[in-house]
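See below for the structure under consideration.
Nothing in this text is a laboratory measurement; each read-out follows from the coordinates by a stated rule. Source: prediction; values computed, not measured. Reconstructed Cβ throughout: ideal geometry from the backbone, glycine too, with neighbour counts over all protein chains shown.
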Amino acid sequence: MINEREEFLSYINFPEYISYSKTDYGYLGRFTLEMFEDLIGFERVLTIIARGYMFDEEGNADVKRAERAIRAWCSVPDKKNAKPLEDWQYITDFRSLHDEFPELVDKNGKGWLYRHIANVAAYVKKNPDKVSQAATKKMNGYLREFEKCWRKKFQQFHTSIYDTKTINGWIIRFDGIVADALELGPLREDEIEIPDSILHKLHEVIPENCIEGVEVLIKYYVANRQPDTDWVVISHINLDGYLGYGTFTKKLLAIIPEDILIRSVSNHGVTRYKIMPEFLP
């Protein structure tokens with residue numbers, strides 16, 4: 001979330017499917033079980049992917065290429081005996097984009113996310129002694145349920161923001177993703193260092209298991225603060241995905257004193273916060 005280029009690469013390259021303890025969720029990549037279970041937090045993911053494929057080295061934008069890339073990434077293969085789609089139905093199988101984006105969709109229409117979840121489910125099933133009970137419970141037989149739910153959500157992504165029948169619950173649309181990507185511009189590759197003096201103060205006032213999360217919040221704040229406000233907006237679910245575990249925003253964030261950061265009440269998984277000046281590089 002600090003170096004957006006690295007974040008982009010984590011969404012198009014599969015992680016190493018391995019865990020060193022039951023609390024190690026590294027095999028999920030930059031995702032959490034909650035993201036898989038509730039299919040949330042994908043707006044940022046898709047926007048990062050769109051930006052990665054939209055801009056060339058000179059910063060020129062190819063909007064259509066970005067649209068094709070996120071469709072390929074989301075692709076769900078049609079069933080073997082699937083009926084031909086009606087004119088009003090949206091395509092969800094984009095195997096036709098395999099030649100252009102072989103890393104995002106295979107020749108059978110399985111997009112990157114589909115294959116990643118299949119890999120996670122297979123790893124969890126094969127290694128019950130190395131993963132948490134929550135992972136075993138949630139991933140058991142999950143691929144079939146994911147395919148059904150993601151296909152429905154994918155169809156909603158196609159809906160135009162100008163469609164008069166669109167309901168407010170359909171938050172993510174490809175039109176909006178591409179528009180946001182164009183507005184945000186090329187991916188940033190920020191490298192932000194926190195001085196030892198600030199790290200020392202953090203270790204004095206917060207528990208050890210909070211340090212990593214607070215470091216990320218400080219760096220994200222520095223990278224994303226705008227000149228006209230002291231507040232920065234962040235998604236809880238994407239922060240947890242970046243950290244690789246789902247407990248930071250649910251349990252640990254609340255115990256960080258206001259001497260370090262102040263945050264507003266979370267709304268739909270998004271909150272705004274500001275870091276106190278003495279903890280800024």
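The structure-derived value of semi-axes √(5λ) of the Cα gyration tensor in Å appears in the list [x] 28, 21, 18; [y] 33, 24, 17; [z] 41, 29, 17 under the label [y].
Would you give the gap between the C-alpha center of the stretch 252-278 and the C-alpha center of the stretch 218-247, rounded to a whole Å? What the calculation gives is 10 Å, centre to centre.
Of all aspartates and glutamates in the structure, those lying under 20 Å Cα to Cα from Lys107, and not within fewer than 8 positions of it along the same chain, are Glu67, Asp78, Asp93, Asp99, Glu147. Relative contact order for the chain: 23 percent, from Cα pairs under 8 Å spaced at least 6 residues apart, divided by residue count. Spacing of the modelled spin labels on Leu9 and Ala61, each 7 Å from Cα toward Cβ, amounts to 2.6 nm. Springs between Cα atoms under 10 Å define the GNM used for the chain, and in it the highest mean-square fluctuation of Pro186, Pro195, Pro15 occurs at Pro195. Pairs of Cα atoms nearer than 8 Å and 6+ residues apart set the relative contact order; for the stretch 114-231 it is 14 percent.
Taking only the alpha carbons of the stretch 196-279, we obtain Rg and Dmax values of 12.1, 35 Å in that order. A Gaussian network model of the chain, with springs between Cα atoms under 10 Å, assigns the largest mean-square fluctuation among Glu189, Glu58, Glu16 to Glu58. Set the Förster distance to 45 Å, then compute FRET efficiency between Thr229 and Glu100 from the Cβ-Cβ distance, nearest 0.05. Efficiency at R0 = 45 Å is approximately 0.65. Here the gap between His268 and Thr247, fully extended at 0.36 nm per residue and compared with their Cα-Cα distance, gives a gain of 5.9 nm.
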